[in-house]
Amino acid sequence: MAFSSLFCVSLVIAGAFAGSIQDANMYMDAVLRDHLPNNVRSLNLDPVGIPAFNVKVDSTGFTNRDLKAEFRSGTMYGLSSTLRRRGDCGVPGWQGANVTTGCYVSLDGLRITFEGSAKGYDMSGSKKVFSMDLVVEKTNAFVEATSWSGRPAVLKTLTVTGVNFRINMNKSLHLNSKRQKKSEKAISQSVQNLFLGVLYGPFREALNRSVARVALPRA
């Protein structure tokens with residue numbers, strides 16, 4: 001009976017010190033709010049340059065040519081100020097000898113701008129110069145931080161599955177609906193690859209530095 005009571009008391013004490021969803025939420029909020037902005041800026045990631053790319057959309061008839069668009073001078077804004085936790089993080093738990101927690105982080109509001117030019121939007125063959133603005137919306141990153149007992153946390157996982165953009169141009173190319181959809185799809189696919197190159201490259205290092213600056217909750 002005494003052993004049983006002692007066992008129950010031990011469980012209660014262990015539970016009192018175990019991390020909760022609230023602890024995990026507070027951890028990720030501190031990472032994103034207190035440390036990520038400085039680490040992003042120290043790596044010159046806000047703003048950060050985005051490589052140039054080209055897009056081609058085939059002609060759909062006698063009234064237009066193949067659309068050929070060039071996009072240059074890309075710049076992304078917001079990595080130091082836009083990211084926020086979305087929903088609750090997972091309860092900190094053991095994975096082998098490490099404590100790990102995972103959270104979804106909203107990427108909504110990140111903005112990428114390009115200077116572009118296009119030919120083939122009509123039969124004249126003239127070139128139109130324009131600016132393009134892409135805003136990330138309805139897009140999350142999954143972030144996992146892990147830590148061995150007493151050690152600083154490290155970034156275990158950074159995953160983005162699909163990026164949604166709202167595309168705005170300051171000048172219309174007056175494409176028919178079919179070519180408009182094809183051009184927006186081609187632009188989105190190209191920019192998504194370039195966007196993920198930044199996230200999985202230099203931004204990952206900024207986030208890794210940030211998760212290490214806050215003590216991970218106990219499991």
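The values are calculated or read from the model by the stated rules, or taken from the named source; none is laboratory data. As the structure is a prediction and not an experimental result, all values here were calculated from the model. A quick note on method: Cβ atoms are made from the backbone with ideal geometry, for glycine too, and the neighbour counts reach across all protein chains shown.
Remarks
- Of all the residues in region 162-184, those that are closer than 18 Å to L134 by Cα and either touching a Pro at 6+ places or on another chain (Cβ under 9 Å) or in a loop (DSSP other than H, G, I, E, B) (or both) number 7.
Let's see how each residue does on (1) touching a residue at least 60 places away in the same chain (Cβ under 8 Å); (2) within 15 Å of A69 (Cβ to Cβ); (3) crowded, with 17+ Cβ neighbours inside 10 Å:
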residue	(1), (2), (3)
F165	no, no, yes
S172	no, yes, no
Q192	no, no, yes
F195	yes, no, yes
V198	yes, no, yes
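- Single match in F53, F71, F62 (criterion: among the hydrophobic types (A, V, I, L, M, F, W, C) and modelled with pLDDT under 95): F62
- Here the condition is being among the hydroxyl-bearing types (S, T, Y) and in contact with a helix residue (DSSP H, G or I) (Cβ under 9 Å, 6 or more places away or on another chain); of S183, S210, S172, S177, it holds for S210 alone.
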